[in-house]
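The values are calculated or read from the model by the stated rules, or taken from the named source; none is laboratory data. This structure is a prediction, so every number in the text was calculated from the model and none was measured. Every residue, glycine among them, receives a Cβ derived from its backbone with ideal geometry; neighbour counts consider all protein chains shown. With ligands, DNA and RNA removed, areas are computed over all heavy atoms of the protein, side chains included. Shrake-Rupley method; radii C 1.70, N 1.55, O 1.52, S 1.80 Å.
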Amino acid sequence: MADTGRIVAFLEGEGLDGSGRSLFAILGFDDLRLETTHDFVQWLFPLTEPSDAVPGSPVLGAEDVDAIRASSMAQCALAAATDRMDAFYRSTHDWLMPNDHNHRRITRIIRSLRLLRGDEEADAFRAAILARVEATRAPISALSRGYWATA
């Protein structure tokens, strides 16, 4: 069931996530905290279906999608979250292996960006991830690459 309005307020910097954190607090996480905290990405990059990894995470309804697309504050938040996660994936390397929980996060980010910001932003994030994979010759599984390609 959609949690109408709560995720919009969070992305506009006026609400808190399920753990009582603000958007700004999460954007300020260092790389270690991003790696070891598992319930933030569903708030930064919400989707229209429930998370298998974190039950109780927000689920977007049609009204939420429309509100986020129309909100300049939410769009700025999504851009800032994308920049932060791009920096995380550029500065860390533990995810550059055949299988890692970050691969699911990357899929979610691409899908959420496609839904809420558009194809250009989603494709740019995916291209940045693939460039890092190629530059490091990381042995990312075909399954993960396939999810990224179809996200």
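At least 3 residues being of a type in the set (A, V, I, L, M) and either in contact with a Ser or Thr (Cβ under 6 Å, 6 or more places away or on another chain) or under 20 Å from R126 (Cα atoms) (or both) is the threshold, and among the helices (runs of 4 or more DSSP H) wholly inside region 14-91 those reaching it are 72-91. Taking the listed residues L16, L47, L27, the one that is modelled with pLDDT of 95 or more, under 24 Å from H103 (Cβ atoms) and open to solvent by 20 Å² or more (accessible area, probe 1.4 Å) is L27, with no other qualifying.
Screening R145 on (1) over 20 Å from V8 (Cα atoms); (2) in contact (Cβ under 8 Å) with a residue 24 or more places away in the chain shows it passes everything except condition (2). Given the conditions (1) under 23 Å from F24 (Cβ atoms); (2) open to solvent by 20 Å² or more (accessible area, probe 1.4 Å); (3) of a type in the set (S, T, N, Q); (4) within 13 Å of the chain's Cα centre (by Cα), and given that S91 satisfies all but one, which numbered condition is not satisfied? Checking S91 against (1) under 23 Å from F24 (Cβ atoms); (2) open to solvent by 20 Å² or more (accessible area, probe 1.4 Å); (3) of a type in the set (S, T, N, Q); (4) within 13 Å of the chain's Cα centre (by Cα), the one that fails is (4). Among the conditions (1) surrounded by fewer than 16 Cβ atoms within 10 Å (Cβ to Cβ); (2) in a helix (DSSP H, G or I); (3) not small (G, A, S), R126 misses just one, which is (1). When region 50-88 is limited to residues that are of a type in the set (D, E) and open to solvent by 10 Å² or more (accessible area, probe 1.4 Å), the one that is farthest from the chain's Cα centre (by Cα) turns out to be E63.
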